[in-house]
Amino acid sequence: MSGNAPATWVYVGTFTHHGPGERGRADGFYCYSFDSDSGALRLAQEIPDVPSPAFLALAPDGRTLYAVNEVPSIDGHDGGAVSAFARDPGTGRLSFLNREASHGGDPCHLMVDATGQYVLVANYATGSVAMLPVESDGSLKQASDIHQHSGSSVHPVRQQGPHAHSITPDPTNTVALVADLGLDQVLIYRIDLELGRLAPHDPPFASLHPGAGPRHLAFHPGASFVYVINELDSTITACRWDLVGGVLEPRQTISTLPEGFDGRNSCADVHVRPDGRFLYGSNRGHDSIAIFAIDPLDGTLAPAGHQSTLGEEPRNFGIDPTGRYLLAANQNSDTIVTFRVDGESGRLEETGNVTMAPSPVCLLFATRDA
């Protein structure tokens, strides 16, 4: 690791082999040190006995890490949970604080609001979202608000009801955008930090095309564009985002697959490079990262190639804080593969660094100061 670069860690969320709804081969989740010169990972800590910590989020001050427990039931109640861990920013090491109910089945995504006062969680199986207050030590309190979605869309199996798949505060921390795969909608909630409530915005949602299956979304660094990756039909929808009015306007939908591909595929994760020039989305089936150039004026996307993830089912990937590396988590082949990002073309280059990790499904970068 370069002597001038801040120490960086990568936390790896997983699916585990224990507890109800077991889906993977891990026992908990993991912390790796990240070499910013080579892109290599080295195991620094195992955090065992954590049921399916499938998505991770960091508090703004870097002193607490939160993980969903993506299970149908836990601690004697139906529905999953959110676990809190104290974090030493200097060493990256974690210690368990507590766990609270997520108030829905299979929580799959969570974020911390910009003030660090609340954790927002999306429950996939039951199609609900919840807001959990944070104590001064980073531990969680019982949910202060819960919203149950309702409705359906056109897919006869996957869209018979709501499936909240992600919840993401906007850059102003005044509203949260929820991608609901079952409804083909991105719901918009106002964040009330004083009351600990999520209130439906006006308008309360933006509709995507039928059968899209919105899953995750990413804000452009300039905050005027939002990109929604659609799991069911393997597309990305580029949207205009009105920061003042909180209005999401779909402008373009583009395939994540190369022309002529007709095999099984579902999309998973989406990220914008820190400089805002390129967008990346993961394909499960084609097992690739789709690369797009972003038009700086209107935010539209132009295809810029595909890179095999050199593994199976890349559920999640991460871009390091410098934008120099992209790490792909191949869930079914138990590998994390490091690629170098070409700053001019956006393309990905193999580094030869392949890290074995059981059932990796989430990657979270953190530096010494965060």
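The values are calculated or read from the model by the stated rules, or taken from the named source; none is laboratory data. Keep in mind that what you see is a predicted model, and the values were worked out from it rather than measured. As a convention, Cβ positions derive from the backbone with ideal geometry for all residues, glycine included, and neighbour counts pool all protein chains shown. All accessible areas refer to the heavy atoms of the entire protein, side chains included, with ligands and DNA or RNA removed. Shrake-Rupley method; radii C 1.70, N 1.55, O 1.52, S 1.80 Å.
Computed values, structure above
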| quantity | calculated |
| --- | --- |
| The range 340-364 residues near the modelled Ala302 label - backbone nitrogen below 16 Å, point 7 Å along Cα→Cβ | 344-347 |
| Inter-centroid distance (Cα atoms) of the range 141-215 relative to the range 18-71, Å | 25 |
| Choice from Met356, Met131, Met111 with maximal GNM fluctuation in the chain (Cα, 10 Å cutoff) | Met356 |
| Heavy-atom surface of the chain, accessible at 1.4 Å and reported per residue (Å²) | 38 |
| FRET efficiency, 1/(1 + (r/R0)^6) with R0 41 Å, evaluated for Asp242 and Thr91 via beta carbons | 0.45 |
| Amide N proximity, the range 239-258 versus Ala223 label position 7 Å along Cα-to-Cβ, cut-off under 17 Å | 240-249 |
| Simple spin-label estimate for Ser73 and Arg251 in nanometres, 7 Å along Cα-Cβ | 4.8 |
| Rounded if a/c under 1.5, otherwise prolate or oblate - the chain, Cα gyration tensor axes | rounded |
| Dipole of the chain [Lys/Arg +1, Asp/Glu -1 at C-beta], most positive-end residue of Tyr66, Ala206, Tyr32 | Tyr32 |
| The range 232-322, accessible surface, carbon-and-sulfur percent (1.4 angstrom probe) | 51 |
| Stretchable slack from Ser144 to Thr322, in nm (0.36 nm times residue separation minus alpha-carbon distance) | 60.5 nm |
| Estimated vicinal HN-Hα couplings, Hz - the range 324-332 in sequence order (Karplus 6.51, -1.76, 1.60; Gly, Pro = x) | 7, 10, 10, 10, 9, 9, 8, 4, 7 |
| Among Glu135, Glu46, Glu259: highest mean-square fluctuation, GNM of the chain, C-alpha pairs under 10 Å | Glu259 |
| Hz values of 3J(HN,Hα) by residue in the range 266-280 - Karplus curve (6.51, -1.76, 1.60), Gly and Pro given as x | 9, 7, 9, 10, 8, 8, 9, 4, x, 7, x, 8, 9, 10, 10 |
| Calculated FRET value between Arg264 and Glu349, using beta carbons and R₀ = 25 Å, to 0.05 | 0.35 |
| Backbone N under 13 Å from the Ser38 label point (7 Å along Cα→Cβ), restricted to the range 341-370 | 351-355 |
